[in-house]
1. Condition check: assigned by TED's automatic domain parsing to the domain that holds Arg319 and either modelled with pLDDT of 95 or more or farther than 27 Å from Arg155 by Cβ (or both). Does Arg241 satisfy that?
2. What single numbered condition from (1) surrounded by fewer than 24 Cβ atoms within 10 Å (Cβ to Cβ); (2) closer than 16 Å to Gln125 by Cβ; (3) within 16 Å of ligand 2 (Cβ to nearest atom) fails to hold for Pro80?
3. Those residues that are surrounded by fewer than 18 Cβ atoms within 10 Å (Cβ to Cβ), among the hydrophobic types (A, V, I, L, M, F, W, C) and under 22 Å from the mean Cα position of the chain (by Cα), I need them from the range 88-143; list them, please.
4. Given the criteria in a helix (DSSP H, G or I) and of a type in the set (A, V, I, L, M, F, W, C), does Val185 qualify?
5. Can you find a residue in the range 100-120 that is away from ligand 1 (no atom under 16 Å from the Cβ), in contact with an Asp or Glu (Cβ under 9 Å, 6 or more places away or on another chain) and part of a helix (DSSP H, G or I)?
6. Restricting the search to the range 265-288, which residues are under 25 Å from Cys34 (Cβ atoms) and away from ligand 2 (no atom under 16 Å from the Cβ)?
7. Can you name the strands (runs of 3 or more DSSP E) wholly within the range 14-61 that have at least 1 residues being within 28 Å of Arg241 (Cα to Cα), touching a Gly at 6+ places or on another chain (Cβ under 7 Å) and of a type in the set (Val, Ile, Thr)?
8. What tally of residues in the range 34-74 results from selecting those that are in contact with a Phe, Trp or Tyr (Cβ under 6 Å, 6 or more places away or on another chain) and within 16 Å of ligand 1 (Cβ to nearest atom)?
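The values are calculated or read from the model by the stated rules, or taken from the named source; none is laboratory data. This structure is a prediction, so every number in the text was calculated from the model and none was measured. As a convention, Cβ positions derive from the backbone with ideal geometry for all residues, glycine included, and neighbour counts pool all protein chains shown.
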Amino acid sequence: MPIQFQVLGAPGRDNALLAEVHTGDAVHRLLFDCGEGCVSELPISVVHQIESVFFSHFHIDHIAGFDAFFRHNFGRPDAPVRIFGPLGTCDVMAHRFRGFTWNLVADAPGEFQVTEVAPPRMITQTFYTKEGFAVAHPGPETPFRGWVWEEADFRVEAHLLDHGMPCLAYLVREAPRWNFHLPAVAELGLRPGPWMRAVRGEERADENLTIDGKQYALAELRSRLMRQTPGESIAYLTDFRLDNAAEERLVAWLAGCDTLVCENNFRNADRQLAENSFHMISADVARLARRVNPRRLVLFHLSDRYTANEWREQREEVRTVFPRTEFPVAWKL
Ligand SMILES: [Zn+2]
Ligand SMILES: [Zn+2]
């Protein structure tokens, strides 16, 4: 499983999503939102390894747990902490960083790169622990082309939604993978072996490759023996109003998405409450899921106005339209 994930927090309480992208060489840990108590559920060693935090928006239920993350990472020696969010993120984070006294950190490591998406551009400011986070060092503005972070093996795309203010949905999308098509390998009379590393491009090789005493052109071997498969993907969607325009844009953007982690704040009966607070009801979530057609839909961000039985009914409201709907396994609902 190249992408593993864990919804943090309990039903009816603050939540967050931890996604782990396994590339073969490394594990990239990405945190989406940071509700109260969410980070405390993780081993400290894992908290230290979270590379980036992606905020949807800054209602208190999505950031109340940030201090726990910050406390474990403010002096991180080996890698900067990256933080992403919608318009206003630099300002919110600057205040957050400065909400503590920093008189003993002059020699401390620690670098926070904060990026806000303000289409058509992204703005980054860098803060240093040794400066007590007092200075927002402006970085270059970059055009926003649909993603906020990119590595060789995956990227994190962002999509602007309406929550009465800008709110970001995220999509972690692995790059396509190249795999050996074993029937084609057998057809050439070859046995799997170390030569595959050269064909995969994992080690330097000449234009020609000798396997079992026979010479092959490397380019031809690649085109004959390797097939491309799409990478995995996981989307994080929370706190927005699904009008027709947003639905069309989301369906296009999320095409091919494997796992949809989506809020289910309100039951169908509470349409008015949902509208007032720029949220969805079960029917909206279900309709979106049916059109996107992921391998699975994971519901989270439930309202504490409901009982556990009502949450189960709420899940059924979605399941009748999109059967592959579940709550996070740990919730045991
Ligand atoms: Zn909100
Ligand atoms: Zn919320």
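1. Values: assigned by TED's automatic domain parsing to the domain that holds Arg319: yes; either modelled with pLDDT of 95 or more or farther than 27 Å from Arg155 by Cβ (or both): yes.
Judged against the criteria, Arg241 is a match.
2. The failed condition is (3).
3. Ala118
4. So Val185 passes the test.
5. no
6. Passing the criteria: only Leu288.
7. Numbers: elements: 16-22, 27-32, 50-54.
Output list is empty.
8. Restricting attention to the range 34-74, the residues satisfying the condition of being in contact with a Phe, Trp or Tyr (Cβ under 6 Å, 6 or more places away or on another chain) are 34, 39, 54.
Add one more test, that the residue is within 16 Å of ligand 1 (Cβ to nearest atom), and what stays is 34, 54.
Qualifying residue count for the region: 2.
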